[in-house]
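Written below as structure tokens is the structure these notes are about.
The values are calculated or read from the model by the stated rules, or taken from the named source; none is laboratory data. The model shown is predicted, which means the values in this text are computed figures rather than measured ones. Every residue, glycine among them, receives a Cβ derived from its backbone with ideal geometry; neighbour counts consider all protein chains shown. Surface areas here come from the heavy atoms of the whole protein model, side chains and all, with no ligands, DNA or RNA. Shrake-Rupley method; radii C 1.70, N 1.55, O 1.52, S 1.80 Å.
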Amino acid sequence: MKVYFKDEHARWFANYLVSQRVSTEPNNHQLYLQFLDGLDRPSLLGFILEETVMKSALLLNAEKTMHSSTERSILKNLGSWLGSITLARDRPIKFKNISFKDILVEGHDGGRLIVAIPFVCKTLEPAARSTVFKPPNPWLMAVISLLIELYHFAELKLNLKFEIEVLCKSLGIELDAIEAASILRNRPSADSLAGPPLPDYVGDIEILPMGGYDPNTQLNANSQVLSLSNSVETHRAVGPQLEQILSELVHHVSISPHLGPLASNVSLKRAVQLAVDRSVREVSVSY
């Protein structure tokens, strides 16, 4: 293969190896690692990491994974492989690729811990073979502390608790000796994030209470709207066609449902609409 393999085949081979072999043949992971070491193609290793992260992300977010044990098994295999090509070899898993804390928190909020916990645990297990990422590495222990918080306070099923117990045993740490994080328990409630209400219309986005944490700081909406209604600077003139589009902006701006309680916050949606309106007017005038 060292003689016949060309870099132009690297992306195709990476996709084949991850999708057709690694994801379904966990017993051969070590063999594939030895093969890649012998081939010694740095570009190929980059593509394999990329394919592993992409396929893992697809399965983590797929609705099918929630209902299919086969899909969850493939995801666990990918997690084990990901940890073997990174953590076990003292290579970090970058935050921009995968954030394990975010996966667990979103899994808790969205009822997807059956998908999130096994993947995270299988990815972290190979850290036992690392000289950098094994306990008491702070990054590793922070993720494990969140797992322990879920273990004690999230009412997990026994199979998910078992995944965490196996991880701790693999890493040589006592589960009861780890202090649980307080990320989930200390989060502010949805009511505290709502903030004061916004007026039906306001010409200047800068007067809106974007922080929204002090319920005693209320806008005097009527007086501020009246004071701004005659301001030429605030309401920048645009062409009739663009003005028509902006008048229908409410139908085109939507808040991502992944924002949890904020997704249904009417005040936030109105603030976003106003920000877009003002930005378009500023750009139009400048050009």
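Of the peptides 89-101, 124-136, the order by per-residue mean of other Cβ atoms within 10 Å, starting with the highest, comes out as 124-136, 89-101.
The average projected area of the range 107-168, computed from the convex hull of its Cα atoms over all directions, is 4.0 nm². For the range 5-108, averaging the sequence separation of C-alpha pairs within contact (under 8 Å, six or more residues apart) and dividing by the residue count gives a relative contact order of 30 percent.
Taking only protein heavy atoms and a 1.4 Å probe, the accessible area of the range 1-97 is 53% carbon and sulfur. Exceedance of the 27 Å cut-off in Cα-Cα distance is limited, within the set Lys76/Lys134; Lys6/Lys122; Lys55/Lys94; Lys6/Lys134, to Lys6/Lys122; Lys6/Lys134. Of the peptides 151-158, 109-116, the ranking by mean beta-carbon count within 10 Å, highest at the top, reads 109-116, 151-158. In the full protein context, the range 39-81 carries 49 Å² of accessible surface per residue, based on a 1.4 Å probe and ignoring ligands, DNA and RNA. Considering only alpha-carbon pairs that sit under 8 angstrom and 6 or more positions apart, the relative contact order computed for the range 48-140 is 33 percent.
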